[in-house]
Amino acid sequence: MMKNISKFANKKVLVLGLAKSGESAARLLDKLGAIVTVNDGKPFEENPAAQSLLEEGIKVVTGGHPLELLDEDFEWMVKNPGIPYNNPMVIRALEKKIPVITEVELAYLISDAPIIGITGSNGKTTTTTMIAEVLTAGGQNGLLSGNIGFPASQVAQDAGETDTLVMELSSFQLMGIEAFHPEIAVITNLMPTHLDYHGSFEDYVAAKWNIQKNMTASDYVILNFNQDLAKELAKKTAAQVIPFSTQEQVDGAYLDGDVLTFRGEAIMKASELGVPGSHNVENALATIAVAKLRGVDNQVIKETLAHFGGVKHRLQYVGEINQVKFYNDSKSTNILATQKALSGFDNSKVILIAGGLDRGNEFDELVPDIKGLKKMVILGESAARVKRAADQAEVSYLDASDVRDATRKAFSVAETGDIVLLSPANASWDMYKNFEVRGDEFLAVFKELKG
């Protein structure tokens, strides 16, 4: 199925950092005939991935990152996206002029399937999932990969010409590309985030903008014209720009009153979308632009988006008990994500569960968005800071010890027509291993309450 490229044959390649994508990259490079060394910080006895790679005959160095490893003549480094560029191993590799790539570059090099790449600060996961579902319904088998689901280099190995790789791409992954070249690129929006990794907003935007660096006039880049920044970037690409907007009529996908429209063709009403919220209208417009470029039938687009149930933990509609609706938005780990979630609801009906890891920031920006909430249930390390915002917004609140306690308390004060919304505006690591575990706890309590 995959292209059998000779680029890495008999070449020494260092895979830095295991996790899912590193393990996948190491196996693929081995298959392509490379001489692979894997280096991972976790000790060997606690490292099942390293153990299984060693059994397959791949060299592994674990328990630290010895710089002298780079004295061997490596021709490439494949870096896990989570490892920053100021890591000593990466600095030494770049000093030695060793190209540093991420595994999405490998996926591109071997893929028989066309690639659609999606990046942005918010809405990536939902948009990626929407696009894959619409393409699959239209007979083009959209395969989720990249930052969502399975590592891109793993999915690409099995993808054929009649499939489409629909890749969610982070700024970290896009910093490590050379030849990577999607046929269609989508940038959902650009907000100041991950600045601890990138140093500045300009550097962050440059990393995202890398998605189109190899695109030509026969490719398409889909941009959010609600943002002036996107209009500026539109002037700086060789690709054809297809804009989308909820604020003005553009030469692409836009909102005409309540109707999602593509170049004058009405597709569906915004109220018919399966997921609430103004941000989901933006995600749907980006999806419609991709679908129309790929020739998917209007009726197929409409039916798929009307039945779209959202993404687990991202404003996921869970169900209702006694006419109280539950939404799991555990993936909202920052203020902006919670603001977007609240934009889809009537505040007077919402009981918001918020709080989590204390990152030292106040929640003043959230004050206008939480005004008029029926109630808040506040938990976690950042509780005192979240309460200050609630006091400013004049919203009453209850304390909770964890998500389980919070969900029960929220339901106990809910009345017919209300909404219990878990949208914490904080990371989960003060109590939970990750936002998925936090969201699963919410889902488990919902089941108990319903049962």
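The values are calculated or read from the model by the stated rules, or taken from the named source; none is laboratory data. Just so we're clear, the structure is a prediction, and the values are computed from it rather than from any experiment. Cβ coordinates were reconstructed from backbone atoms using ideal geometry, including for glycine residues, and neighbour counts include every protein chain displayed. The accessibility values were calculated without ligands, DNA or RNA, using every heavy atom of the protein model including side chains. Shrake-Rupley method; radii C 1.70, N 1.55, O 1.52, S 1.80 Å.
Of note:
- Within-14-Å neighbourhood charge of A286 [Cβ basis; K, R +1; D, E -1]: 0
- Solvent exposure of the range 316-450, expressed per residue, is 42 Å² of accessible area, with all protein chains present and a 1.4 angstrom probe.
- Environment charge at V155 (Cβ cut-off 15 Å; Lys +1, Arg +1, Asp -1, Glu -1): -4
- Shown for the range 344-451: lysine pairs separated by 8 or more places, or found on different chains, whose C-alpha atoms are under 17 Å apart, numbering 12.
- Pairwise centroid distance, computed over Cα atoms, of the range 109-156 with the range 282-318, Å: 13
- Antiparallel content of DSSP bridges confined to the range 104-307, in %, to 5: 25
- K235/K97 FRET efficiency (R0 35 Å; Cβ-Cβ; nearest 0.05): 0.60
- Taking amide H as placed 1.01 Å from N in the peptide plane, the amide H of A427 sits under 5 Å from that of L357, each at least 5 places away or on another chain.
- Looking at the range 1-81, the accessible area is 47 square angstrom per residue; that uses a 1.4 Å probe and ignores ligands, DNA and RNA.
- Counting 0.36 nm for each residue step from Q247 to I321 and taking away their Cα separation leaves a gain of 23.0 nm.
- Per-residue Karplus couplings for the range 334-348, computed as 6.51 cos²θ - 1.76 cosθ + 1.60 with θ equal to phi - 60°, are listed in order as 9, 4, 4, 5, 6, 4, 5, 4, 5, 4, x, 10, 8, 3, 5 Hz, Gly and Pro entered as x.
- Computed from phi, the 3J(HN,Hα) profile of the range 37-42 under the Karplus parametrisation 6.51, -1.76, 1.60 (θ = phi - 60°) reads 10, 10, 10, 9, x, 6 Hz, with x in place of Gly and Pro.
- With both residues required to sit in the range 316-450, DSSP beta bridges show an antiparallel share near 25%.
- Rounded, prolate or oblate (a/c below 1.5 giving rounded, otherwise prolate when a/b exceeds b/c) for the range 104-307 by Cα gyration tensor: oblate
- Interchain or long-range residues, amide H under 5 Å from K11's placed H: I35
- Carbon + sulfur, % of accessible area of the chain - ligands and nucleic acids excluded, 1.4 Å: 49
- 22 Å Cα-Cα reach of K31 towards lysines, excluding residues that sit fewer than 8 places from it in its own chain: K3, K7, K11, K12, K20, K59, K79
- Residues whose amide H comes within less than 5 Å of that of V38, counting only those at least five positions distant or on another chain, are V15, K59, V60, V61 (H built at 1.01 Å from N in the peptide plane).
- Listed by chain and number, the aspartates and glutamates whose alpha-carbon sits under 15 Å from that of K340, ignoring those within fewer than 8 places in the same chain, are E282, D329, E365, D369.
- Alpha-carbon centroids, the range 7-83 and the range 184-232: separation in whole Å: 30
- Förster radius 30 Å - calculated FRET efficiency between D364 and N434, Cβ distance, rounded to 0.05: 0.65
- Cα gyration tensor shape of the chain, rounded if a/c is under 1.5, else prolate or oblate by comparing a/b with b/c: oblate
- Looking at the range 104-307, the accessible area is 35 square angstrom per residue; that uses a 1.4 Å probe and ignores ligands, DNA and RNA.
- The count of lysine pairs in the range 104-307 that are at least 8 places apart or cross chains, and whose C-alpha atoms lie under 13 Å apart, stands at 4.
- Percent of beta bridges antiparallel (DSSP, the chain, rounded to nearest 5): 20
- Net charge over other residues, Cβ less than 11 angstrom from the Cβ of S332 (K, R count +1; D, E count -1): +3
- Cα gyration tensor category, rounded, prolate or oblate, for the range 260-405 with a/c compared to 1.5: prolate
- Computed from the C-beta positions of E415 and D256 and an R0 of 41 Å, the FRET efficiency is 0.65 to the nearest 0.05.
- Solvent exposure ordering (accessible area, 1.4 Å, most first) of H65, H198: H65, H198
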